[in-house]
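Notes for the one structure printed next.
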Amino acid sequence: MVELELGLIAIGAGIAIAGSAYAAAIAEKEIGTAAVGAMAEKEELFGKALILTVIPETLVIFGLVIAIMILGLAPAS
Amino acid sequence: MIHTKKMSRIRITGPKPNLWSLINELHAMKLMHLLDYNGKDFETGNSFPEAEPVSDKLVKLRSIISQFNLKLTPRIIKDLSVCSKKFSSIYENYFDLTSKISSLKEKKTFLFSQKESIEPFSSLNLIPANFFGYESISVFKGTIKKPLLEIEIEKTTKDFEFFFSEFQGKKVIALFVSDQFKEKIQGLLAEHGFSEFHFEENSDLKQINSDLTETEKQLTELENKLNELKENEGQFLSDYEFNLEKENEKLEAPLKFAVTENAFVIDGWVALKEAKEMQAKLESLTKNKIFIEFIETKEQAPTALENPSLVKPFEFFMNLYALPKYTELDPTFLVFITFPLFFGFMLGDVGYGIVTLAAFLFLRTKFKGEARLLLNSLIVASLATILFGFVFGEFFGFEFVEHPLLNRVHDLQLMLLISILVGLIHITLGFFIGFYNVLIQHGFKHAVFEKGSWLIIEAGGLLVISEMILGMTSFGNILGGIMLLAGIILLFKGEGVQGIIELPAILSNTLSYARLFAVGLASVQLALIINKFATQFFQQGGLMIIAAILILLLGHLINILLGLIGPFLHSLRLHYVEFFGKFYEGGGKRFLPFGAEKNNV
């Protein structure tokens, strides 16, 4: 039943990415809204707004690292 | 290059009769950043008496310029005195035209509403005179929204005259009733959404129509004249505004200075290199009547970045974020090195590099100022993309080298490792710069507590990893543990609880560099899918070849656009968040010499 194991591993990696990406999306949505609002008032804030907005992106990277580690469990083909 | 431009504080004192010539000279030199006087010992100066008519003219000029929507490049005018007369005649002309136009427009609206009220009744054979001259009859003329039936009026009275017609989709009525039912009928009409027409008894539709045509004719004529004025004098107006603004700057400069009855004091910053030269020039100009002194001060000087022309475009990223403080290191040079490398590492494709390079080179000819700086820096980034394209052996997603130095699609673990290592180096570099910044600002002790502690923690962590995970050393755990503990204690002394809370950030910051390969992987996989898809169409032959070419073009175009946004933002973010976070404070005030263009960065 090697195929089933492989499939489960793939699904696991997928969940790691999907979950973290979803979380990052929610966080960025909230921050992005506020950032655009602030920028409408004061345009020079673009640099700071950009930084604050992209901070949650790191979440996906964590997901990616985990996904790669999970894929590492797969038997070498 | 690494430092911001060295400044020296300068104070000029002199007698008032020399002030105007001195201001003129300073304005032309464009060397001195003036400081507002806000002490209490002296008064601040007043602007020259000529300032008032000049600013009055500026207001008028700007209103015309914004009305005309002029966006011309201004030129220097040598002699302003002749312009004043020309401008007043232009302004008179402009004022005359615009006031005539606005009164004609009012007339047109009035005539038009008259026409709209009278015209509908012509189909009912009613003329304006029919509605006037009754003693005991009320007249209702206008439109209604809901249809009105005669039966509804009959409920109130049988004694009435009712006209109804549809005119251009509107329901037009004319109703004549005896005065005693006026109020009831009013109520009834209100229910049907009645709105009344207004016109005079002696109005004549023919006359109104001919008046309307005449007015419109006059209006076009005047508007043409106004356009002519814009075409002919637009350039002059832009030039005049530009030069007058400069004049105004000079006339209002004394508002920044400290004055006594007979003397003035000008305070400001000059670049150290140019200070001596400026002093000599000013002293000879005023025949040694002014006194210039250099002052030692701990105040923060304004920031002027100073980089060679190759690095200069990357100042864009500093302007976008925040200027460094005067005492801080200017990280532009470091951004110049790492930004293109990160960008290239992520996009990494010879084909994409060439396409973007061509696009940026083309766009560069279209833009000026800030946008040009950005494009120049992106050109460097495109070159790095081509370079990494050779490293990865990729050309539009095709592997054109059999065994490239690195294979992005297959060597995942290796790519991840490289990314993290790059991150580790970058962050360590950031801590070292931070150490230096704190060292020159607050001394060695603070530097060790605030930044050295992080370096010790990092080294300790690496030692622990070397034994626990890699198994390379046998002493790593003990030595590393001691260093970690020492580092944390130092950090606590330096930054308090806040520092301890931020401890895990060092791990997440390092891992964050994994995006270096992750973004690239996404881009290369997309390119591979596009190519695979197109190949299948190619194999079918015939008309499908056209489809295949379309897929290739469109697919790669989209991927390049995505590939530009992704690597650009991610590379920028790695600098702003992970790198700058380690050392950068920012918040410097821009060095703006008196007389220089304000928007010229």
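The values are calculated or read from the model by the stated rules, or taken from the named source; none is laboratory data. From a predicted model like this one, the values you see are computed outputs, not experimental measurements. In this analysis, Cβ positions are derived from the backbone assuming ideal geometry, glycine residues included, and neighbour counts consider all displayed protein chains.
Quick one: residue B:325 ticks every box in (1) touching a strand residue (DSSP E or B) at 6+ places or on another chain (Cβ under 6 Å); (2) within 24 Å of residue B:438 (Cβ to Cβ); (3) among the charged types (D, E, K, R) bar one, so which box is it? For residue B:325, the failing item is (1).
Quick grid of which residues meet (1) of a type outside the set (Lys, Arg); (2) in contact with a His (Cβ under 9 Å, 6 or more places away or on another chain); (3) more than 28 Å from residue B:578 (Cα to Cα); (4) within 14 Å of chain A (Cβ to nearest Cβ):
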site	(1), (2), (3), (4)
B:368	no, no, yes, no
B:389	yes, no, no, no
B:398	yes, no, yes, no
B:408	no, no, no, yes
B:414	yes, no, no, yes
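A single entry from B:282, B:305, B:255 fulfils the requirement of being at pLDDT below 90, over 30 Å from residue B:340 (Cβ atoms) and buried (at least 18 other Cβ atoms within 10 Å of the Cβ): B:282. I'd like the residue in the stretch B:546-601 that is of a type in the set (Val, Ile, Thr) and closer than 18 Å to residue B:351 by Cα and, out of all such residues, is nearest to the chain's Cα centre (by Cα). Ranking the candidates gives B:565 first. The condition of being surrounded by 14 or more Cβ atoms within 10 Å (Cβ to Cβ), within 14 Å of another protein chain (Cβ to nearest Cβ), among the aromatic types (Phe, Trp, Tyr) and farther than 30 Å from residue B:323 by Cβ holds for only one of B:538, B:568, B:517, that being B:517.
Being free of Cβ contacts under 8 Å to residues at least 24 places away in the same chain, in the same structural domain as residue B:586 (by TED's automatic domain parsing) and buried (at least 20 other Cβ atoms within 10 Å of the Cβ) holds for only one residue in B:476, B:393, and it is B:393.
Scanning the stretch B:295-327 for residues that are more than 14 Å from every other protein chain (Cβ to nearest Cβ), in contact with a helix residue (DSSP H, G or I) (Cβ under 7 Å, 6 or more places away or on another chain) and outside any helix (DSSP H, G or I) yields B:305, B:307, B:311, B:327. Per the listing B:236, B:264, the residue uniquely in a strand (DSSP E or B) and within 29 Å of residue B:80 (Cβ to Cβ) is B:264.
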